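Below is one structure, written out as structure tokens; comments come after it.
A short reminder: the numbers here are calculations on the coordinates, not readings from a lab. For clarity, every value in this text was computed on a predicted model and none was experimentally measured. Backbone-built Cβ (ideal geometry, glycine too); neighbour counts: all protein chains shown.
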Amino acid sequence: MTIAESLASETNQTGTKILRVGNLRIELADKRAFVGDEQVCLTGKEFKVLLALMLYALTRVYVRMQTLTAEVFGNHDERSAVGIRVHLCRVREKLDDYGSTVGISCNKTYGYFFFDTKDNSKPEVTAE
């Protein structure tokens with residue numbers, strides 16, 4: 001079990017059912033993502049990438065590439081890193097297509113992070 005899966009399981013046991021950042025929300029029990037009230041059509045890997053980013057963002061600002069590849073693919077090698085970049089690109093496009101107020105960016109030194117598309121601030125991820 002990956003860290004993100006165990007965190008998701010732990011948050012489900014404590015009553016957390018939803019993660020939010022901006023107008024993006026993830027329903028943990030149903031493994032679905034929404035922008036506003038509209039469901040975002042994500043593949044299983046895309047959902048895992050988004051879930052890992054949101055779970056780690058609860059306690060950190062940045063998520064490193066090695067962490068994401070380990071969470072999604074179970075290891076970190078060059079092929080996995082390329083796969084993460086591809087999935088992140090698709091997630092970014094889909095969030096943009098659905099009108100999300102948050103984007104995903106990368107600081108090459110620190111890692112990936114969420115940002116507000118209106119003012120470039122770093123929004124807080126919350127658990128409900």
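If the condition is being touching a residue at least 60 places away in the same chain (Cβ under 8 Å) and over 15 Å from LEU53 (Cα atoms), then the stretch 75-109 contributes TYR98, GLY99, SER100, THR101.
Filter the stretch 47-103 for residues that are hydroxyl-bearing (Ser, Thr, Tyr) and under 22 Å from SER121 (Cβ atoms); which is nearest to the chain's Cα centre (by Cα)?
Taking the stretch 47-103 as the starting set, the residues that turn out to be hydroxyl-bearing (Ser, Thr, Tyr) are 56, 59, 62, 67, 69, 80, 98, 100-101.
When the remaining residues are screened for being under 22 Å from SER121 (Cβ atoms), the result is 56, 59, 62, 98, 100-101.
On the way: TYR56: 8, THR59: 13, TYR62: 11, TYR98: 15, SER100: 13, THR101: 14 Å.
Among those residues, the one meeting the criterion is TYR56.
Taken over the stretch 110-128, the residue count meeting the criterion of being in contact (Cβ under 8 Å) with a residue 60 or more places away in the chain and closer than 17 Å to VAL49 by Cβ is 2.
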